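Q: I have a structure I would like to understand better, so I am pasting it below and will then ask my questions one at a time.
The values are calculated or read from the model by the stated rules, or taken from the named source; none is laboratory data. Bear in mind that the values here come from a model prediction, so they are computed numbers and not experimental data. Neighbour counts run over all protein chains shown; Cβ positions are idealised from the backbone, glycine included.
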Amino acid sequence: MAQNKDLHKGTDIVFADGVSRTIKPLTIRQLRKFMKVASQLNTNEGEMNDEDIDRMVEAAGIALAKIDPELAEDAEALEDILDLRCFGELMNAAMGGDPS
């Protein structure tokens, strides 16, 4: 199956480490994994606990799996590059949301 890489260029997001990464919408296969994690996620500031943060890191790993597989597998490294701002942008871009 041919891919048209110009069809969807993705969304550039600057992460907490200062590195810009281009995030593309999840494939259906990735979306299945992502939704299992995201459906259990509480992102209300002040109400988050360690389990919610672990789920955030897991969801970010799924979203980054095809962009940077090594980073996606390293939970500690993910914690160092994520903040709430870029996490929200990452989730929006991964779900195919309009970046504007």
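Q: When segment 40-92 is examined, which residues are found to be modelled with pLDDT of 95 or more, of a type in the set (A, V, I, L, M, F, W, C) and surrounded by fewer than 16 Cβ atoms within 10 Å (Cβ to Cβ)?
A: 75
Q: Taking segment 50-96 only, how many residues are under 19 Å from residue 20 (Cβ atoms), in contact with a helix residue (DSSP H, G or I) (Cβ under 8 Å, 6 or more places away or on another chain) and outside any helix (DSSP H, G or I)?
A: 3
Q: Residue 28 is checked against (1) at pLDDT 85 or above; (2) within 16 Å of residue 82 (Cβ to Cβ); (3) of a type in the set (Val, Ile, Thr) and fails just one. What number does that condition carry?
A: (2)
Q: Take residue 2 and decide whether it is within 17 Å of residue 92 (Cβ to Cβ), at pLDDT below 90 and of a type in the set (A, V, I, L, M).
A: no
Q: Taking the criterion of being of a type in the set (S, T, N, Q), in contact with a helix residue (DSSP H, G or I) (Cβ under 9 Å, 6 or more places away or on another chain), outside any helix (DSSP H, G or I) and surrounded by fewer than 15 Cβ atoms within 10 Å (Cβ to Cβ), would at least one residue in segment 24-39 satisfy it?
A: Within segment 24-39 (the criterion being of a type in the set (S, T, N, Q), in contact with a helix residue (DSSP H, G or I) (Cβ under 9 Å, 6 or more places away or on another chain), outside any helix (DSSP H, G or I) and surrounded by fewer than 15 Cβ atoms within 10 Å (Cβ to Cβ)), the answer is no, since none of the residues qualifies.
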